[in-house]
Amino acid sequence: MTSTSAEGALDRVNSNSRPSDLRITDMRVAEITGAPFRSALLKIYTNQGIVGLGEVRDGASATYALMLKSRLLGENPCNIDKLFRRIKQFGGHGRQGGGVSAVEIALWDLAGKAYGVPIYQMLGGRFRDRVRCYADTDAEKPSGLETGKRLKERMELGFTFLKMDLGLMQIAHIPGAVVAPAGALEPFRHHAGSMLPRTLDERRQRNAIYDAQNVMHPFTGLHFSDKGLDLLEQYIAEVREVIGPEVPLAIDHVGHISLQDGIRLARRIEKYTPAWLEDVIPWQYAEQYRQLQQSTSVPICTGEDIYLKEGFEPLLKSSISVIHPDLLTTGGILETKKIGDAAQDHGVAMAIHMAESPIAAIAAAHVATATENFLALEYHSVEVDWWDDIQIGLPGPIVKDGFITLTDKPGLGIDDLNDEVLMQHLQPGATGIWQPTDQWDDDHSWDRTWS
Ligand SMILES: [Mg+2]
């Protein structure tokens with residue numbers, strides 16, 4: 001063998017790591033806000049210098065991840081499924097899935113970096129060369145025409161799939177639009193999570209808002225009046241007037257109204273051909289979802305708050321049209337791939353919910369690349385001009401002309417995070433980033449759930 005070919009052979013030897021000897025040594029977080037909401041970025045450190053990146057879901061506590069640290073120290077992060085099964089009992093639906101999911105994503109990033117392979121390749125390879133993103137648009141605009149203009153701007157940026165809000169909060173202030181028990185609408189005008197209570201009274205006030213917003217749809221007593229439905233129909237008609245009839249337009253945030261009101265609204269908007277109607281009622285009511293889907297031609301969608309594939313099974317059997325898991329709630333990358341494949345068996349498409357940083361977006365893009373029935377991935381940060389600068393290593397913009405294109409780089413493909421940018425966007429109360437978490441090293445309890 002000539003020296004040149006020997007060097008060539010060495011070039012192909014993995015020099016990132018010795019995967020069999022890789023060990024988890026530390027776990028730290030950076031709690032940021034505004035990208036577009038608040039979330040905790042996660043780093044899992046190893047004895048070989050490579051670092052795995054994850055993210056705790058928007059609106060969730062970093063504690064959900066940090067409490068897992070003592071259960072992972074000393075382990076080989078490449079044993080992803082084994083470690084996931086160890087920690088999965090500490091996740092739950094909604095934001096409570098955030099810790100397990102963040103860790104699972106960081107383990108995939110580490111395994112990819114250790115072996116020198118991108119995550120989508122470890123999942124079975126590509127179904128597509130680029131990942132279609134849909135641009136979400138919050139309902140800040142007073143009229144359908146204004147919202148339509150905003151959506152049109154997104155189309156001009158290259159987005160080929162859109163989503164907007166249509167529901168209770170757009171009409172709640174208009175006399176005669178909503179039938180409501182006195183005072184029932186008031187708690188929805190506040191956001192419990194944005195308050196930072198100091199006194200006992202302020203804490204009780206926050207808890208009261210929290211409790212009121214946790215009343216599930218069938219029990220609020222809120223209904224759309226015919227006038228309310230007229231206004232909502234006019235709103236989407238105006239939007240369609242601006243954006244045209246062809247671009248897919250999904251609908252979210254209908255409000256805490258009943259199944260019957262969801263059916264009335266769905267029938268009203270059928271002629272505007274929504275891509276889907278999302279979370280009309282809590283996902284737990286699979287039988288009501290069956291009734292909803294059977295009552296309208298609008299594709300019915302739910303799933304962003306479901307932890308683990310088992311939670312999707314009753315909904316898949318109830319014949320909804322689209323599922324919408326969030327990788328930062330489901331349990332992470334492999335669980336979402338399994339959920340997508342299970343949905344495909346039932347003839348159900350998978351869109352992916354995502355409202356966090358480039359870590360979450362890229363993790364989702366790997367699953368979207370490797371799952372056949374994928375439809376579109378949410379992008380919620382069109383207006384966040386520092387969003388791309390959070391990460392180092394992927395060429396920006398990450399979402400270009402409405403699509404994400406993954407690279408051949410190992411793991412997620414992100415080299416590191418930009419600490420300078422993160423420091424400019426700390427959550428209230430956070431004093432720094434990647435601070436020591438030694439207090440979590442010895443947390444232990446006998447957690448077996450059977451005897
Ligand atoms: Mg949603």
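The values are calculated or read from the model by the stated rules, or taken from the named source; none is laboratory data. None of the values given here were measured: they were computed from a predicted structure. Backbone-built Cβ (ideal geometry, glycine too); neighbour counts: all protein chains shown. Surface areas here come from the heavy atoms of the whole protein model, side chains and all, with no ligands, DNA or RNA. Shrake-Rupley method; radii C 1.70, N 1.55, O 1.52, S 1.80 Å.
At-a-glance table
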quantity: Exclusive hit being modelled with pLDDT under 95 and under 24 Å from the mean Cα position of the chain (by Cα), set Leu168, Leu151; calculated: Leu168
quantity: Which listed residue is away from the ligand (no atom under 16 Å from the Cβ) and within 21 Å of Pro181 (Cβ to Cβ), from Leu265, Leu259; calculated: Leu259
quantity: Residues within segment 284-304 that are of a type outside the set (A, V, I, L, M) and either open to solvent by less than 40 Å² (accessible area, probe 1.4 Å) or modelled with pLDDT under 95 (or both), tallied; calculated: 9
quantity: Single residue of segment 275-294 satisfying the filter (more than 21 Å from the chain's Cα centre (by Cα) and over 27 Å from Pro181 (Cα atoms)) that is nearest to the ligand (Cβ to nearest atom); calculated: Gln293
quantity: Number of the condition not met by Asn207 [criteria: (1) away from the ligand (no atom under 16 Å from the Cβ); (2) within 29 Å of Gly97 (Cβ to Cβ); (3) buried (at least 23 other Cβ atoms within 10 Å of the Cβ); (4) not acidic (Asp, Glu)]; calculated: (3)
quantity: Residue, farthest from Gln427 (Cα to Cα), within segment 59-81, restricted to residues that are open to solvent by 20 Å² or more (accessible area, probe 1.4 Å) and among the small types (Gly, Ala, Ser); calculated: Gly74
quantity: Matching helices (runs of 4 or more DSSP H) fully within segment 305-380 where at least 3 residues are away from the ligand (no atom under 16 Å from the Cβ); calculated: 313-317, 333-345, 358-369
quantity: Only one of Val399, Val384, Val367 that is closer than 24 Å to Cys133 by Cα and in contact with a Lys or Arg (Cβ under 6 Å, 6 or more places away or on another chain); calculated: Val367
quantity: Which numbered condition Glu378 fails, given (1) over 25 Å from Ile24 (Cα atoms); (2) surrounded by fewer than 23 Cβ atoms within 10 Å (Cβ to Cβ); (3) of a type outside the set (A, V, I, L, M, F, W, C); calculated: (2)
quantity: Selected residue (only one of Ala114, Ala139, Ala106 is of a type in the set (A, V, I, L, M) and closer than 30 Å to Gly255 by Cβ); calculated: Ala139
